[in-house]
Amino acid sequence: MHPYETLAALSVPGDRPGRMKIVVTAPAGHVGSRVVRLLIQAGVRPTLLARHPARLDPATSEHADVLETDLSDAAAVVRATRGADALFWVEPPTAELDADPVAWYSGLGANAARAVTENGIGRTVFLSSIGAEKRSGAGEIDGLARTEEQLDATGATVLHLRCGMFFTNLLWELDSLRAGVLRASMALDYALPWVDPRDIGEIAAARLLSPGWSGRHVQAVHGPGDLTLAQVAEIIGTAAGYRVRAETISPEELLGSLRAAGFGDKQVEGIAGMSAVTRADFVAEDKRGIVTTTPTTLAAWAWACLRPALLAPPSQ
């Protein structure tokens, strides 16, 4: 017997990965899909709560238990998480243009807290955001703050991952980037953390698989370095092979574009309010260090993921 197999045989049965029940929400997302892949590779058959199971690739579904679940249905969430040792909780945005996003996230958080309490879930990892520490005044991020508070109130073991700006947000700006412009509602010289969602997934999976922690924890996920909008544009341009310039959108322009897209007042307020974490007077509570810094650079991600999307023919 290999020495590592000997150690595994001597471990506590409930701590062995293959015997854990780990529930993952939003399993088709940029973070969730990475978590699922790592759990499967670790020998776990995860339970996936999916609003649209057909969006999961067949290879993943073959190695998981997939439950069609609406996270806004409290009873369904409680049923789907029975017997869970660990829960990865991700709150998808509301699809309703006139909904209140803070109330939406708060409602989902209440469902998570109920499931954790009623099912005695051993540990929960929650995908939160920088700015949640403000508790108010950060637009729809305030809804994630409510979820943090609701999970904390259970008294269960929980980790809040407060993440920086996702690299993948740039995929929503392909048309503009193809035209050589990166536009955002922040100063060109304001630096904030940018992170690869796959790196967030690796931290989440490690925590879900590890039974050796307890209590309430917050861990920032800041990526390898803070970047200004101008630096992001330069990195994108290098990967794309043409110049990309950065432009700041004024608050009036942002509000106008959101209303033109059909968003209601609460949605506009929620989206525009997130600019509170892109102002110079915002200082993240969680400092950069070995625990909060992840390895993948924007340049590496841009060459591997953004460049092919930019150079592909636009979809009709």
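Observations on the model:
- Between 0 and 90°, nearest 10: helix 101-119 axis offset from the chain longest Cα axis: 10 degrees
- About the Cα centre, charge dipole magnitude for the chain (Lys/Arg +1, Asp/Glu -1 at Cβ), debye: 760 debye
- Whole-number percent relative contact order across segment 218-316, with pairs defined as alpha carbons under 8 Å at least 6 apart: 52 percent
- Remark: accessible surface ordering of PHE263, PHE126, PHE282 (largest first) is PHE263, PHE282, PHE126, probe radius 1.4 Å.
- Applying 1/(1 + (r/R0)^6) with r as the Cβ-Cβ distance of ARG135 and THR238 and R0 = 41 angstrom yields a FRET efficiency of 0.60.
- For the chain: relative contact order, % (alpha-carbon pairs under 8 angstrom, 6 or more apart): 18 percent
- Low-density loop cleavage sites - trypsin sites (Lys or Arg not before Pro) in segment 227-270, where at most 13 other Cβ are within 10 Å (DSSP): ARG243
- Theoretical FRET efficiency, 1/(1+(r/R0)^6), r = Cβ-Cβ of ASP152 and ARG245, R0 45 Å, to 0.05: 0.55
- Calculated FRET efficiency for the pair ALA179/ALA54, C-beta based, R₀ 41 Å, to 0.05: 0.75
- Segment 71-177 - percent of accessible surface contributed by carbon and sulfur, probe 1.4 Å: 51 percent
- Fraction in percent of alpha-carbon pairs per bin - 10 Å, segment 143-281: 10, 32, 33, 19, 6, 0
- Taking 0.36 nm per residue of sequence separation and removing the Cα-Cα distance, the THR117/ARG45 pair yields an extension gain of 23.6 nm.
- Average accessible surface for the chain: 47 Å² per residue, computed with a 1.4 Å probe over protein heavy atoms with every protein chain in place.
- Dimensionless Rg/Rh of the chain - Kirkwood Rh, Rg from C-alpha atoms: 0.98
- Stretchable slack from ALA300 to ALA280, in nm (0.36 nm times residue separation minus alpha-carbon distance): 4.5 nm
- Segment 20-137 - percent relative contact order, Cα under 8 Å, separation 6 or more: 26 percent
- Exposed loop sites were defined as GluC sites (Glu not before Pro) in DSSP loop states (anything but H, G, I, E or B) carrying at most 16 other C-beta atoms within 10 Å; in the chain the longest segment without such a site runs 97-284.
- Extreme residue, positive dipole direction of the chain, given options LEU188, THR124, ALA276 (C-beta unit charges): THR124
- Dipole of segment 98-219, positive end: most advanced residue of LEU171, TRP213, ALA145 [Cβ charges, Cα centre]: TRP213
- Packing around the peptides 224-233, 39-48, taken as the average count of other Cβ atoms within 10 Å per residue, puts them in this order, highest first: 39-48, 224-233.
- Segment 199-238, accessible surface, carbon-and-sulfur percent (1.4 angstrom probe): 49 percent
- Computed over the Cα atoms of segment 219-261, the ratio of the radius of gyration to the Kirkwood radius (Rg/Rh) comes to 1.13.
- Projected over all directions and averaged, the alpha-carbon convex hull of segment 46-203 occupies 11.1 nm².
The values are calculated or read from the model by the stated rules, or taken from the named source; none is laboratory data. For clarity, every value in this text was computed on a predicted model and none was experimentally measured. Virtual Cβ from ideal backbone geometry, glycine too; neighbours counted across all protein chains shown. Ligands, DNA and RNA are stripped out before the accessible areas are found, and what is left, the full protein with its side chains, is counted by its heavy atoms. Shrake-Rupley method; radii C 1.70, N 1.55, O 1.52, S 1.80 Å.
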